[in-house]
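Have a look at the structure below before the remarks.
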Amino acid sequence: MTDWKSPDNRYLLERLLLGLDRRIDTDPPDEVFAIESTNIAWPHIKDCLHGTLRTGDESHCLAMIRQLAATDTPFMLFAHQFGVLRNLILGQTLDEGAIETARHVMQLFGEMEESFAAAYLEVFLNRLGTRNHLRLSHIRALSDKNLLAYFEAHLEWMARLVEAVSQREPPGMPELDPTRCEFGRWLENDGARLIRDRSHIAQIRDLHAAMHHVVTEVGSIMNHPRASGPVYALLKKAESYSLELGHEISLLNSIVIMSVYSKDPLTGFLSRRFLDRVLVNQMEIAKATESPFSIIMFDLDHFKRLNDDHGHQTGDLALEHIAGIVRDSLRQSDLIFRYGGEEFMLVAPSTSLAQAHIIAEKLRQRIAGTPLPYEPPLTLTASFGVTEIAPGTYEVVDSRLVHDVIAACDGKLYAAKNSGRNRVL
């Protein structure tokens, strides 16, 4: 293997860089790639290499690389700019007709890039291990895991992958075969009955298989002399798969909750006594999957007047009528609670504030546009409050946080009623 830090090679590279400096002074090259951060632009890399080549001490360049990794700057951005610098040097060498020197320079730049990629990968692995550990801690904190036990198992799978790559030990790699893990077996049996959409189950199956297949890809190149960059890219992909799979499992878990938790006998919605537990779990899940969720509170407008004018039996019919509209309107993974007499709360997993507003507005329109069958038909309306719970806005999940979230959403519902009712705020 070529040693780019040997005195002869350092001298060659430094001579070529100085030649590039002179050339730039008289004929500046066009910027090949517009980039916001000057820290990874090729002129900055060139200046860094000057110092390293003069002294043989690469600590300054490695510090720059580690800083990029610590700030989650994609290595491909550095690699691209490093490639720009390499091509400028090669172009200059080929202009001089030095074909063999150009080939040698290609090797030296390859070795340098691997050295920098290895430093980046080391930092990335430490940070990935920490992130994965935090996700595990949030899932382990759940009072009711249900299907999320499978996400927990795959986060442990991810931890084994990170450890095996860190130690460069292929025998320590986690399970390759997606059909041999518990989630894979569940997906082919109970999961196939739970998930109504055939294309959706195929999508989850493909995602799960792709995540496991990363083991094969990493194992095949792990000990290659220039593996650091490709291994980093594969682990980024594995982390993305892990979060996406956690997101899918959390949605499936909501379907299970709706099927097994006890219900309000009139509406068939979840009982309020489970609300705090579900919200605590959703907050932990949001932290683990790095995905926000939203809650929607709504109640029927002028419900007391309806009861007074038409009787409580008609009021019950109105609640059953609303429940039917809500069930027909929501996604399979949405969790709906009867919060009070005529007040309801919808917990929408993996849903942003904008998406939740759309859901609430559709519900509002359908309620207002679907009168209660009566003689004559009774027009009903509802008011809505919407709140997003973003995982970055809290650190610790406790009962006080749950009550604050409910109070914030209830305040929006109250404002919707005070501003004229039959609206979403």
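Note on Ser137 and Val396: their simple-model spin labels are 1.2 nm apart, each label 7 Å out from Cα toward Cβ. Ignoring any ligand, DNA or RNA, what whole percent of the accessible area of segment 279-345 comes from carbon and sulfur when the probe is 1.4 angstrom? Whole-percent figure for carbon plus sulfur exposure: 43.
Over the chain, DSSP H runs of length four or greater, each weighted -39,500 (n - 2.57), average out per residue to a 222 nm ellipticity of -22000 deg cm²/dmol.
Given +1 at the Cβ of Lys and Arg, -1 at the Cβ of Asp and Glu and no other charges, the dipole of segment 259-350 around its Cα centre is 320 debye to the nearest 20.
Per-residue packing, averaged as other Cβ atoms within 10 Å, sorts the ranges 147-160, 271-284 into the order 147-160, 271-284, beginning with the highest. Legend: residue pairs Lys5/Lys46; Lys263/Lys362; Lys304/Lys417; Lys362/Lys412; Lys263/Lys287, Cα-Cα distance threshold 20 Å; pairs beyond threshold, Lys263/Lys362; Lys263/Lys287. Taken per residue, the accessible surface of the chain reaches 47 Å², heavy atoms only and a 1.4 Å probe.
Note on the chain: dipole from Cβ charges, positive end direction compared against Ser254, Ala354, Ser228; the farthest Cα belongs to Ser254. At an R0 of 35 angstrom, the distance between the Cβ atoms of Thr101 and Ala70 translates into a FRET efficiency of 0.45. Accessible area ranking (1.4 Å probe, heavy atoms, ligands and nucleic acids excluded), largest first, for Thr381, Thr93: Thr381, Thr93.
Taking the charge dipole of segment 181-318 about its Cα centre, with +1 at Lys and Arg Cβ atoms and -1 at Asp and Glu Cβ atoms, the residue from Ile195, Thr216, Cys181 reaching farthest to the positive side is Thr216.
Among the helices of the chain, those built from whole DSSP H runs whose Cα atoms reach 27 Å or more along their own axis and whose mean Kyte-Doolittle hydropathy is at least -1.0 are 7-26, 75-95, 99-140, 148-167, 198-221, 228-260, 399-418. If R0 is 22 Å, the Cβ-Cβ spacing of Ala202 and Asp177 corresponds to a FRET efficiency of close to 0.75.
Figure note: Asp299, Asp308 ranked by solvent-accessible area, largest first, 1.4 Å probe, ligands and nucleic acids not counted: Asp308, Asp299. Each 10 Å bin from zero up to the one holding the largest Cα-Cα distance in segment 56-186 carries the following percent of pairs: 11, 27, 26, 18, 12, 5, 1, 0. Solvent-accessible surface (1.4 Å probe) assigned to Thr26 amounts to roughly 120 Å².
Quick one: with all protein chains in place, what share of the accessible area of segment 37-196 is carbon or sulfur, to the nearest percent (1.4 Å probe)? Answer for segment 37-196: carbon and sulfur cover 51 percent of the accessible area. If only the Cβ of Lys and Arg carry +1 and only the Cβ of Asp and Glu carry -1, the dipole of the chain around its Cα centre is close to 880 debye.
The values are calculated or read from the model by the stated rules, or taken from the named source; none is laboratory data. From a predicted model like this one, the values you see are computed outputs, not experimental measurements. As a convention, Cβ positions derive from the backbone with ideal geometry for all residues, glycine included, and neighbour counts pool all protein chains shown. Accessible surface is based on the protein model in full, side chains and every heavy atom, while ligands, DNA and RNA are left aside. Shrake-Rupley method; radii C 1.70, N 1.55, O 1.52, S 1.80 Å.
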